[in-house]
Amino acid sequence: MEDNKLANEEARRAGQHSSVKSQVEGEVQAEIAERAAQTPPPEGERINQVAGQFRAKAVDEVVQTEREVERGRGAARVSQVVDYIFYVLYALLGLRFLLALLAARSTAGFVRFIVAVTDPFYRPFRGIVASPSTDSGHTLMLPLVIAFIVYVLLHLGINGLLRMIAHRKTAV
């Protein structure tokens, strides 16, 4: 969905840029034609100078727009990688939570694998609050819920920062 938004935004900017560029070119050509018809030949050099300045300004605007689009594409790609990493983390933490809730055997290979992979992400939150459990071994790992919430907030913060970088406003 983010890719579509970025592609739509790029297409809108490109269309808007082309429209503004052709409008400016038309106005410059009309002004040059008008001045050429009204002024004697010695002024022709001044007209060429003005036209050159307008042309240089139009080229600078195109270069600036291209840089902004490239920066947006780079930030979008980084955002996709960040999203993928966090989604994998959410899935692994969710599996660990579910396995603890269902009282899965801790000696099972899959359970040991999930615990080993998620332990570095869960360890900072261990012991924050108690994890209530039943006599049959079912455990509600509240520290894992807190970890999940913190990682969601971190994910949102990173994506917000990337969005700010991608959509940096320039002075007009």
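Please treat every number below as a calculation from the coordinates, not as lab data. All values reported here derive from a predicted model rather than from experimental measurement. As a convention, Cβ positions derive from the backbone with ideal geometry for all residues, glycine included, and neighbour counts pool all protein chains shown.
Data for the structure
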| read-out | value |
| --- | --- |
| Net charge contributed by nearby residues that have their C-beta within less than 12 Å of Asp119 (K/R +1, D/E -1) | +4 |
| Note, ³J(HN,Hα) from phi for the stretch 111-122, Karplus 6.51, -1.76, 1.60, rounded to Hz, x at Gly and Pro | 5, 4, 4, 4, 5, 5, 6, 8, 4, x, 8, 8 |
| 15 Å beta-carbon shell around Leu95, net charge (K/R +1, D/E -1) | +2 |
| Mean residue ellipticity (222 nm) of the chain, computed from DSSP H runs ≥ 4 via -39,500 (n - 2.57), nearest 500 | -28500 deg cm²/dmol |
| Dipole magnitude (debye, nearest 20) for the chain, charges at Cβ of Lys, Arg, Asp, Glu | 860 |
| Per-selection Rg to Rh, the chain - Cα, Kirkwood hydrodynamic radius | 1.38 |
